[in-house]
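Nothing in this text is a laboratory measurement; each read-out follows from the coordinates by a stated rule. Predicted model only: the values in this text are computed from it and were never measured. Cβ: placed from backbone, ideal geometry, glycine included. Neighbour counts: every protein chain shown.
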C-alpha cells in the first residue's frame, strides 16, 4: 500500500514558496493552500480583527485550528502531499511576536501530535525575488529574522531542515523531488 508523505515547504515571507508549490501542482502533485494568507484575506474582507497587525493571538489560534484541519484532511490520503507551511510555522510566529506561553504550549503539543515527513524544505530569504503585497507587510530584514526562527523552530520540533537552493522554480522543484527520491 502506498502511504502518504506529508511534506512541508516553509521559510520566511517572500522566498518563493507559493510559486514553488504552484510548480509542483502543475507537475501533478497535491498541494495545500497557505492558511495564513487565507485567514488574512478572509479577515480583511469581513472587517475581522484576527490579522497580524491587529489581534495576533486570535490570528495565531485560527492558524493553529486551520493547520490541524489541513493536516487531518490530507493525513489519510495516499501519495506525496506538499504543504505550504506546517503547524510549526504557527509556533514560530508565536515565538517571533512574543505571545502567551499558554498558546506556545498548545502549539508545542500540536507539533508533537501532528507530524509531517521528517525532512522540511525551507526557502531562504532571497532579496532578488522579495516583494511586499496586501498580505505580506514585512520588510526584508524581518524575512531574514523569520527564516532564522523558522529553522530553529523546525529543529526544536525534531525535523531535519533542508534549505532550498536560490535557483529557478523548476530547479527548486527538481531539487525537492530528488531529495524525496533518496528516501
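Quick check on the exposure proxy: order 83, 140, 121 from fewest to most C-beta atoms within 10 angstrom. Mind dumping the intermediate values first?
Values: 83 26, 140 16, 121 22.
Placing the least packed residue first, the sequence is 140, 121, 83.
Packing order of peptides 95-107, 53-65, highest average first: 53-65, 95-107 (average count of other Cβ atoms within 10 Å over each peptide's residues).
Comparing 111, 157, 92, which has the greatest mean-square fluctuation in the GNM of the chain with Cα pairs linked when under 10 Å apart? Greatest mean-square fluctuation among the candidates belongs to 157. Over the chain, dividing the summed -39,500 (n - 2.57) contributions of all DSSP H runs of at least 4 residues by the number of residues returns a 222 nm mean residue ellipticity of -16500 deg cm²/dmol.
Label point of residue 30 set 7 angstrom out along Cα-Cβ; within the stretch 88-116, amide nitrogens under 19 Å from it belong to 114-116. Restricting the calculation to alpha carbons of the stretch 4-181 gives Rg and Dmax of 15.3, 45 angstrom. Beta-bridge orientation, the chain: approximately 0 percent antiparallel, per DSSP, counting only bridges with both partners inside.
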